[in-house]
Amino acid sequence: MRRLVQVLGAAGVAAALALLGLTVATPASAATLTEVTNFGTNPSNLRMHLYVPDRVAARPAILVAVHYCTGTGPAFYSGTQFASLADRYGYIVIYPSATRSGQCFDVYSQQALRRDGGSDPVSIVSMVRYVQQRYNADPARVFATGSSSGAMMTNVLLGNYPDVFAAGAAFAGVPHSCFATTGGSTWNSECANGQVIRTAQQWGDLVRNAYPGYTGPRPRMQLWHGTNDETLRYPNFGEEIKQWTNVHGLSQTPTSTDTPQSGYTRTRYGGSGGTAPVEAISLQGVSHNLP
């Protein structure tokens, strides 16, 4: 999967933070990225890097920022604006790093696609719980975002742990369970090529089956995708919309449609404001390397 160095422009970051509902704190500048070890159960040997701003908000929010294939937590820290925005807003950022060959996250194994089944999602939630305990973070304001492999993991985290994550923003990803494979393969060409087409009910059932019996609220989801994505092709965007509108019990007909900037079409489902349960932004002519 191609590296996304410049993942988010100002519009993307602003929209993601609006969805996440973060509050403002005084800017700071001296904090640094720090590696944390022994953070808890870590079945897939992920590494954890943490950014804690100098001025942390009272009961801070947590943002899990998940990198692309071939990336690392430190590279995602350097290539995005989440840390500098944490200085402004007072939230804490967790940057997981995949350590397997190719440095992609596990969004394909049966263990990863169910709650507490094992693999990367369990490790990432251990990171969240470590930060909650150490920094008295607000359990109602835990969020996930990611690009490419990280976007796929954002879908998985929100599906597996709806009681942990309040919202997520996935940039150029695929639906929860779309990348499922058998025989130990880590790549699903059919899904990547946009050839896995299911009904909204079928997609929703895959999320519900990740945590059977759960009846509580579901996280809000924001989706971004370029129409010319050559790695995780554009039909996946529509399948994600099917999945998350169904999970929320919503119609696939948008509540509102607008153009936040040239070439961007934004649709919202179940509400017309910045905290709609599902929001989707289509980027005309954009490839997998989002601007």
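The values are calculated or read from the model by the stated rules, or taken from the named source; none is laboratory data. Because the structure is predicted, anything quoted here is derived from the model rather than measured. So basically every Cβ, Gly included, is an ideal-geometry build from the backbone, and we count neighbours across all protein chains shown. Keep in mind that these areas ignore ligands, DNA and RNA; they rest on the heavy atoms of the full protein, side chains included. Shrake-Rupley method; radii C 1.70, N 1.55, O 1.52, S 1.80 Å.
Brief remarks on what is shown
- Of all residues in the range 280-289, those satisfying the criterion of being open to solvent by 10 Å² or more (accessible area, probe 1.4 Å) and part of a loop (DSSP other than H, G, I, E, B) are Gln284, Gly285, Val286, Ser287, Asn289.
- Residue that is at pLDDT 95 or above and in contact with a helix residue (DSSP H, G or I) (Cβ under 8 Å, 6 or more places away or on another chain), where the choices are Thr215, Thr231: Thr231
- The range 107-164: number of residues that are within 15 Å of Val207 (Cα to Cα) and crowded, with 23+ Cβ neighbours inside 10 Å: 14
Residues checked against (1) out of contact with any helix residue (DSSP H, G or I) (no Cβ under 6 Å at 6 or more places or on another chain); (2) assigned to a strand (DSSP E or B); (3) open to solvent by less than 10 Å² (accessible area, probe 1.4 Å); (4) modelled with pLDDT under 95:
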position	(1), (2), (3), (4)
Ala15	yes, no, no, yes
Asn38	yes, no, no, no
His49	no, yes, no, no
Arg55	yes, no, no, no
Phe76	yes, no, yes, no
Ser84	yes, no, no, no
Pro96	no, yes, yes, no
Thr99	yes, no, no, no
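- Tally, over the range 63-74, of residues that are touching a strand residue (DSSP E or B) at 6+ places or on another chain (Cβ under 6 Å) and either on the phi > 0 side of the Ramachandran plot or crowded, with 24+ Cβ neighbours inside 10 Å (or both): 6
- Look at the range 194-212: where a residue is free of Cβ contacts under 8 Å to residues at least 60 places away in the same chain and a partner is open to solvent by 90 Å² or more (accessible area, probe 1.4 Å), sitting 6+ places away or on another chain with Cβ atoms under 7 Å, you get Gly194/Arg233; Val196/Glu190; Ala200/Gln252.
- Verdict on Gln110 being part of a helix (DSSP H, G or I) and farther than 23 Å from Arg220 by Cα: no
- Residues that are touching a residue at least 24 places away in the same chain (Cβ under 8 Å) and of a type in the set (D, E, K, R), drawn from the range 239-265: Glu239, Glu240, Lys242
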